[in-house]
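Here the structure comes first, spelled out in structure tokens, and everything after it is commentary.
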Amino acid sequence: MIGGLVGLLLGAAGATGVAFASPDQLAPFIGESAAQSRGSDNVGVGGVGGVGGVGQPVPGTEPQLLPTTTEAPPPPDTTTEATTTTNPTTTTTETTTTPPSEPAPAPTTTTAPAEVPQVQQVVALVNEARDLAGCKPLEVDERVVKAAQGHSTDMAARDYFSHTTPEGVDFAQRMRTAGYPSPGGENIAMGQRSADQVMRAWMNSDGHRRNILNCGFTTIGVGLDTRGWYWTQNFGW
């Protein structure tokens, strides 16, 4: 993660804007700078498979006896009873026992890890930078997220790029409307297509970096609308 932070200092294309307030009394917004103007490019360009036969018996060679010519007396009148003897047949059945087969191992299913959303990557990079600066990590607050996402969506839908809406609503009002009582600051950016790119842009700008590394802030919410890649980063006391 330290290598990721070092990369933040290389620069990224896109526009950015910053706003901040004191914990006791909100300071007025700074005037829109070149970094906040649409289409500005004041920061450095960066990235972001067989069987044999059976023989027959040999014929016998015993000599044959010739018949004699002596007449034999007539046989007595007898009755011969034929007797048929049947040998019992015994059938033996061989029982073969097959051992039970072991169950087949269950197929192994590998699930690819889900991609971390860009806004969560921004929070991770912010907290990494804060850790290196000796600040405590920021907690994501859903009320702050609601304000940040609402502003990104509004800028994309109405095609403007500013901390203040066309009606004059600033980030502090948006955060309070979302239910968060202690607004602290806001970073915005436009055009950067990844968390790395937008963090490089913010970290290369003094005002944005001060918000990110403000040890007094305790909460964060990040919004993104990819229709033009509008980013909003809100901070709370």
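What follows draws every value from the coordinates through simple rules; no lab data is involved. Keep in mind it's a predicted model, so treat the numbers as computed, not measured. Backbone-built Cβ (ideal geometry, glycine too); neighbour counts: all protein chains shown.
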- Within 10 Å, count the other beta carbons around each residue, average over each peptide in 149-156, 125-132, and list them highest first. 149-156, 125-132
- Task: Please give, to one decimal in nm, the separation of the simple spin-label points placed at T218 and R193, each 7 Å out from Cα toward the Cβ.
- Result: 4.0 nm
- Task: Mind checking the full-extension length gain between V116 and R227? Use 0.36 nm per residue of separation minus the Cα-Cα distance, one decimal, nm.
- Result: 38.0 nm
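Could you calculate the contour length gain from A157 to L132, that is, 0.36 nm times the residue separation minus the distance between their Cα atoms, to one decimal place in nm? Write down the numbers at each step before the final one.
Details: separation 25, 0.36 × 25 = 9.00 nm, distance 3.67 nm.
Between A157 and L132, full extension yields 5.3 nm more.
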- By the scheme Lys and Arg +1, Asp and Glu -1, what is the net charge of all other residues having a beta-carbon under 15 Å from that of G134? +2
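Say R0 is 22 Å: what FRET efficiency, to the nearest 0.05, do R210 and V140 get from their beta-carbon distance?
After rounding, the FRET efficiency stands at 0.60.
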